[in-house]
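Below is one structure, written out as structure tokens; the observations come after it.
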Amino acid sequence: MKISKLSMLVCSAVFAVSCSTTKSYIVNSKSGTDTQGTAKFTQTGKNVTLDLNVYKLTPGLHAVHLHEKSDCSAADGTSTGGHWNPSHNDHGKWGAEHFHMGDIGNINADKDGTARLVFKTDKWCIGCTDESKNILGKGLIIHAGVDDFHTQPTGNAGGRVGCVEIK
């Protein structure tokens with residue numbers, strides 16, 4: 001009896017680990033900045049966690065959004081297109097009455113220009129067949145300014161200082 005319980009626990013642990021997907025990326029600097037950092041997306045079960053670490057930002061708030069395309073080729077990051085908005089909702093604050101899948105929010109860079117954001121949601125997936133949730137093929141953008149959560153369609157967040165191709 002004890003051996004069968006132990007076997008079930010081991011099998012459950014192996015299954016749980018095998019159901020996790022992680023993708024790690026380097027933040028590319030844009031618009032003549034020195035922005036650096038890493039972005040790690042991990043899917044465990046139905047939840048995706050973004051762990052974003054950014055350095056060499058100007059101190060203060062910076063908007064973070066997912067954009068339509070995984071293309072950081074433009075010097076100003078505009079090759080990523082507009083905000084990822086598969087449901088065609090108004091721009092807003094994540095979890096509010098109106099928001100879209102690209103509306104992550106703001107990060108706060110300290111006096112040294114360092115910021116971290118850990119963001120978890122069940123509204124995204126990594127590589128699933130539901131295109132309204134799949135983040136592969138999208139771009140993560142760190143903006144020069146703060147997202148005001150109201151101005152359409154961008155939140156008046158300013159230029160693009162960091163870019164990640166989510167592939």
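A short reminder: the numbers here are calculations on the coordinates, not readings from a lab. Just so you know, these numbers come straight off a predicted model, no measurement behind them. All Cβ positions, glycine included, derive from the backbone under ideal geometry; neighbour counts span all protein chains shown.
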### Query
Could we say that Gly162 is assigned to a loop (DSSP other than H, G, I, E, B) and either touching a Gly at 6+ places or on another chain (Cβ under 8 Å) or surrounded by fewer than 16 Cβ atoms within 10 Å (Cβ to Cβ) (or both) here?
no
### Query
Would you pick out the residues in segment 56-74 that are farther than 15 Å from Gly145 by Cα, in contact with a Ser or Thr (Cβ under 7 Å, 6 or more places away or on another chain) and either surrounded by 17 or more Cβ atoms within 10 Å (Cβ to Cβ) or touching a residue at least 40 places away in the same chain (Cβ under 8 Å) (or both)?
His67, Glu68, Lys69, Asp71, Cys72
### Message
Checking the condition more than 16 Å from Val27 (Cβ to Cβ), among the aliphatic types (A, V, I, L, M) and surrounded by 16 or more Cβ atoms within 10 Å (Cβ to Cβ), which residue from Ile142, Ile126 passes?
### Response
Ile126
### Task
Please state which of the following conditions Asn134 fails to meet, knowing it meets all the rest: (1) under 21 Å from Ser24 (Cα atoms); (2) touching a residue at least 12 places away in the same chain (Cβ under 8 Å).
(2)
### Message
Looking only at segment 96-111, how many residues end up being among the small types (Gly, Ala, Ser) and under 15 Å from the mean Cα position of the chain (by Cα)?
### Response
2
